[in-house]
């Protein structure tokens, strides 16, 4: 059976993924190697990593969208808004001609594959959502900013086929609507949407009716059209315009300006509208298709509050969300689409084809020790029981712990492989982690990791949530560090088979404290990608108020280290 390399690139969150005999062998985002957050360049490092894991050249290379269709949309949009979009057009055109339009030549030159293929953007998303899912058939709902033309699509997945049944086209986009409010509230588009979601519970949806009346026409079935006279993204260099700003009482917030109650209410309002549209759409499609299973992909599928409402209210029996739901996951989806649909290969049933999403680089114990020694680190190597006991003790003592174990996660969430952990029982821990460790906005919530078997006693969640993509209410008051202002939490349930060492740490902490819940946040600081290598982890450990680093079998305490600011070397395969 062939080896298939999937690539997403040139917009944001470039990535590569590799299939061998239909099995997901490796997947990673380019940002983790280059240390440039949301790196959009050609994913050379991610490709090299995937090919190292494959131990050979790919038979097929597949790109995640169709550049000429995208360019057609760009040209038609500029012509429709001419001459207003001239400045934006003159800025975009050279980049398209130089890099984006002739990607076939670049891919041929870089990889020399036996066969080069292109999939449509939303098919890549849909394939990433359906083919790794445990379902024989499902409704697939993809919602994002825009692909070639589609911004929202519904498809039916059956065995090894996907059939698109409905689309909404640019410029009418739920993802771009949410991004417009992200921009207006002072956060960065394509990366700050989760901040807007976290801000929403601090406000009231006072503007929700105004949004429905003036900005978006939502039909009873969930279909929608935006009123483009309030938006600037088709022709300009910003998301919103003066009419939008007048509607909401002033210009966009500058990124470092204080957040006032108006911003919190605006965030609550667009979150409420988003949830309403997504819920209406899903219910209508369930009624029309009769499907009982739902798969989600696209950037909007990372809105775990909306996902929680879908789980509770949409009437589906089961829900599965691609953990790399954004454009990075399209690299995987494109490869899966080629394997199943182009090569007509059957699907093999599996409980978790994503393998916990632990698909990135891992490092052997000798390699970790070699790299730590080269970085000047001081560490000890206790046995497994002693490592877990020492880490649990440090957590119970209120220390922040860097946790670097096994293969790196694929997707935006840290899932216990590249994580910062802390005691969820501490009322001060959210503030400490935000300000002293993560160096980010104080309102940002943290997610809990909990053993799967203990989850029902602590959270009102009737299903597994291995990828931290569902929000549910907290049942018990003892974990303020992960309880958001509305008594909710974005939960990761940890199964022993998926991550044995992380599960064992949660159990050790529970045996010591009676609590099976830890704060789990990504191992990085504001503005940087999640760490990839032992050097990345050690540098982050030394540059923040993280107290302890558990990396492989090595245990490091901050007080034992010399001060160092040496830059980390680039990724080298183990």
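Matching residues to (1) more than 26 Å from residue 411 (Cα to Cα); (2) outside the structural domain of residue 377 (by TED's automatic domain parsing); (3) modelled with pLDDT of 95 or more; (4) not in a helix (DSSP H, G or I):
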{"position": "503", "(1), (2), (3), (4)": "no, no, yes, no"}
{"position": "506", "(1), (2), (3), (4)": "no, no, yes, no"}
{"position": "515", "(1), (2), (3), (4)": "yes, no, yes, yes"}
{"position": "519", "(1), (2), (3), (4)": "no, no, yes, yes"}
{"position": "531", "(1), (2), (3), (4)": "no, no, yes, yes"}
{"position": "539", "(1), (2), (3), (4)": "no, no, yes, no"}
{"position": "549", "(1), (2), (3), (4)": "no, no, yes, yes"}
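Working carefully through the options 214, 225, 166, find the one that is in the same structural domain as residue 310 (by TED's automatic domain parsing), modelled with pLDDT of 95 or more and assigned to a strand (DSSP E or B). Even if it seems obvious, please write down each step before you answer.
Numbers: 214 fails: assigned to a strand (DSSP E or B); 166 fails: in the same structural domain as residue 310 (by TED's automatic domain parsing).
Checking each option against the conditions leaves just 225.
Here residue 459 fulfils each of the conditions (1) surrounded by 23 or more Cβ atoms within 10 Å (Cβ to Cβ); (2) in contact with a helix residue (DSSP H, G or I) (Cβ under 9 Å, 6 or more places away or on another chain) apart from (2).
Results for (1) assigned to a strand (DSSP E or B); (2) at pLDDT 95 or above; (3) out of contact with any helix residue (DSSP H, G or I) (no Cβ under 7 Å at 6 or more places or on another chain), shown as yes or no for each residue.
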| residue | (1), (2), (3) |
| --- | --- |
| 411 | no, yes, no |
| 414 | no, yes, yes |
| 427 | no, no, no |
| 435 | no, no, yes |
| 440 | no, no, no |
| 449 | yes, yes, no |
| 471 | yes, yes, no |
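Residues of the range 362-373 that are in a helix (DSSP H, G or I) and in contact (Cβ under 8 Å) with a residue 24 or more places away in the chain: 365, 367, 368, 369, 371, 372.
Evaluated against (1) more than 21 Å from residue 429 (Cβ to Cβ); (2) buried (at least 24 other Cβ atoms within 10 Å of the Cβ), residue 500 falls short on exactly one condition, (2).
This table checks each residue for (1) buried (at least 18 other Cβ atoms within 10 Å of the Cβ); (2) in a helix (DSSP H, G or I); (3) outside the structural domain of residue 208 (by TED's automatic domain parsing); (4) in contact (Cβ under 8 Å) with a residue 40 or more places away in the chain.
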position	(1), (2), (3), (4)
274	yes, yes, no, yes
280	yes, yes, no, yes
287	no, yes, no, no
296	yes, no, no, yes
301	yes, yes, no, yes
305	yes, yes, no, yes
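Remark: residue 245 falls outside the filter, which requires a residue to be under 18 Å from residue 189 (Cα atoms) and either crowded, with 19+ Cβ neighbours inside 10 Å or assigned by TED's automatic domain parsing to the domain that holds residue 441 (or both). I need the full set of residues from the range 34-53 which are crowded, with 24+ Cβ neighbours inside 10 Å and not in a loop (DSSP other than H, G, I, E, B), in order please. Once the filter is applied, which keeps residues that are crowded, with 24+ Cβ neighbours inside 10 Å and not in a loop (DSSP other than H, G, I, E, B), the range 34-53 yields 46, 47, 49, 50. Scanning the range 391-409 for residues that are under 27 Å from residue 357 (Cα atoms) and in a helix (DSSP H, G or I) yields 391, 392, 395. Take the conditions (1) under 23 Å from the mean Cα position of the chain (by Cα); (2) within 30 Å of residue 161 (Cβ to Cβ); residue 403 misses just one of them, which is (2). Take the conditions (1) over 15 Å from the mean Cα position of the chain (by Cα); (2) under 18 Å from residue 19 (Cα atoms); residue 378 misses just one of them, which is (2).
Matching residues to (1) free of Cβ contacts under 8 Å to residues at least 24 places away in the same chain; (2) in a loop (DSSP other than H, G, I, E, B); (3) surrounded by fewer than 24 Cβ atoms within 10 Å (Cβ to Cβ); (4) not assigned by TED's automatic domain parsing to the domain that holds residue 34:
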position	(1), (2), (3), (4)
311	no, no, yes, yes
316	no, yes, yes, yes
331	no, no, no, no
335	no, no, no, no
345	no, yes, yes, no
360	no, yes, no, yes
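Kindly evaluate residue 499 against the criterion of being touching a strand residue (DSSP E or B) at 6+ places or on another chain (Cβ under 8 Å) and under 19 Å from residue 416 (Cα atoms). Judged against the criteria, residue 499 is a match.
In the range 139-160, the residues that are without any contact (Cβ under 8 Å) to a residue 24 or more places away in the chain form Cβ pairs under 6 Å with partners that are surrounded by fewer than 24 Cβ atoms within 10 Å (Cβ to Cβ), at six or more places apart or across chains, as follows: 158/137. When 85, 145 are checked against the criterion of being at pLDDT 65 or above, in contact with a helix residue (DSSP H, G or I) (Cβ under 7 Å, 6 or more places away or on another chain) and over 23 Å from residue 348 (Cα atoms), 145 stands alone in meeting it.
Have a look at 196, 237 and point out the one that is in contact (Cβ under 8 Å) with a residue 60 or more places away in the chain, over 19 Å from residue 274 (Cα atoms) and touching a helix residue (DSSP H, G or I) at 6+ places or on another chain (Cβ under 6 Å).
Details: 196 fails: over 19 Å from residue 274 (Cα atoms).
Exactly one residue qualifies, and that residue is 237.
The condition of being in contact with a helix residue (DSSP H, G or I) (Cβ under 9 Å, 6 or more places away or on another chain) and over 20 Å from residue 443 (Cα atoms) holds for only one of 508, 489, that being 508.
Just for the range 383-408: of the residues that are farther than 23 Å from residue 498 by Cα and touching a residue at least 60 places away in the same chain (Cβ under 8 Å), which one is surrounded by the fewest Cβ atoms within 10 Å (Cβ to Cβ)?
Here the residue is 393.
Would you mind stating whether residue 402 is modelled with pLDDT of 95 or more, farther than 23 Å from residue 326 by Cα and out of contact with any helix residue (DSSP H, G or I) (no Cβ under 6 Å at 6 or more places or on another chain)? Spelling it out, it is not the case that residue 402 is modelled with pLDDT of 95 or more, farther than 23 Å from residue 326 by Cα and out of contact with any helix residue (DSSP H, G or I) (no Cβ under 6 Å at 6 or more places or on another chain).
The values are calculated or read from the model by the stated rules, or taken from the named source; none is laboratory data. Remember, predicted model here, so these are calculated numbers, not experimental data. Heads up, the Cβs are rebuilt from the backbone with ideal geometry, glycines too, and the neighbour counts pull from every protein chain shown.
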